[in-house]
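The values are calculated or read from the model by the stated rules, or taken from the named source; none is laboratory data. Computed from a prediction, not measured in an experiment: that's the story for all the values here. With ideal geometry, Cβ positions are generated from the backbone for all residues, glycine too; neighbour counts draw on all protein chains shown.
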Amino acid sequence: MRIDVVTIFPDYLAPLQLSLIGRAQRDGLLGVHVHDLRDWTHDRHRTVDDTPYGGGAGMVMRPEPWGEALDEVCGSLPGRTPHLVFPGPGGDLFTQQTARELATQEDWLIFACGRYEGIDERVYEEFAARYRLSVLSLGDYVLNGGEVAVLAMTEAVARLVPGVIGNAESLVEESHTGGLLEYPVYTKPPQWRGRKVPDVLLSGHHGQIAAWRHEQRLERTASRRPDLMGGRDGRT
Ligand code: 6GU
């Protein structure tokens with residue numbers, strides 16, 4: 001999978017060279033390319049923003065650098081068509097299902113990171129008319145820009161790309177697979193500060209262990225995330 005990121009803070013994306021995502025790149029499973037939006041400005045101050053028409057607080061990103069940047073980046077792989085992602089608090093919720101769809105149905109993502117009060121609306125219109133385009137939000141809170149969201153979304157998507165995670169089995173039972181949170185886990189020692197590992201986990205009864213873990217997932221999800229259990233009020 002190929003991932004391009006356009007941002008005014010390329011350094012923000014440096015963590016994508018680390019850990020699992022970094023290794024996936026060295027292994028050739030993933031290519032991450034970060035671009036500075038200001039490379040597509042033409043004035044001495046490399047201006048990317050201006051005051052909003054109609055008044056109001058803050059600054060809005062001007063359409064011209066975004067237009068030139070996305071024209072160039074979107075056209076940089078002959079014969080291939082990217083899926084454009086604009087991270088933003090006003091977007092559709094990014095979930096494990098979104099990550100799964102992007103990992104399995106797309107082979108090229110371009111993230112366009114807005115800052116300030118947002119990007120001129122005509123940029124969305126222009127590129128939605130030419131490409132598949134999603135506006136995606138991490139959740140109901142406000143970040144200063146899309147960069148941190150791209151780190152999260154890239155990690156969530158990349159780890160679902162075949163080969164990126166060595167132990168594919170670890171993907172099967174994790175939180176949000178099957179709509180439930182993960183069960184609690186324990187390791188050695190069997191007793192720590194007077195706290196014991198649940199007996200069933202030491203019993204060697206695989207059937208009982210599986211049943212206990214499933215019960216724990218249900219209890220945990222009902223208690224912490226009733227919204228995942230279906231039913232408008234989370235009780236059913
Ligand atoms: Cl994707 N962007 C910004 N700026 N804020 C957010 C977000 C995204 N998701 C939640 N808050």
Go through the stretch 125-152 and count every residue that is closer than 12 Å to I110 by Cα and either near the ligand (Cβ under 8 Å from one of its atoms) or in contact with a Cys (Cβ under 8 Å, 6 or more places away or on another chain) (or both).
-> 3
With respect to G163, is the statement that it is touching a Gly at 6+ places or on another chain (Cβ under 8 Å) and in contact (Cβ under 8 Å) with a residue 12 or more places away in the chain true?
-> no
With criteria (1) surrounded by 16 or more Cβ atoms within 10 Å (Cβ to Cβ); (2) more than 16 Å from the ligand (Cβ to nearest atom); (3) not acidic (D, E), R80 comes up short on (1)
Which residue out of L37, L30, L93 is within 16 Å of the ligand (Cβ to nearest atom) and closer than 30 Å to V172 by Cα?
-> L93
Confirm whether T95 is without any contact (Cβ under 8 Å) to a residue 40 or more places away in the chain, out of contact with any strand residue (DSSP E or B) (no Cβ under 6 Å at 6 or more places or on another chain) and either within 22 Å of Y12 (Cα to Cα) or of a type in the set (V, I, T) (or both).
-> no
Give me the pairs: first residue in the stretch 59-80 and closer than 21 Å to H45 by Cα, second residue assigned to a helix (DSSP H, G or I) and among the acidic types (D, E), beta-carbon distance under 6 Å, and six or more apart or on different chains, which are they?
-> none
Only one residue in E126, E155, E182, E174 is within 30 Å of L29 (Cα to Cα) and part of a helix (DSSP H, G or I). Which one?
-> E155
Restricting the search to the stretch 198-235, which residues are modelled with pLDDT under 95, assigned to a loop (DSSP other than H, G, I, E, B) and not small (G, A, S)?
-> R232, D233, R235
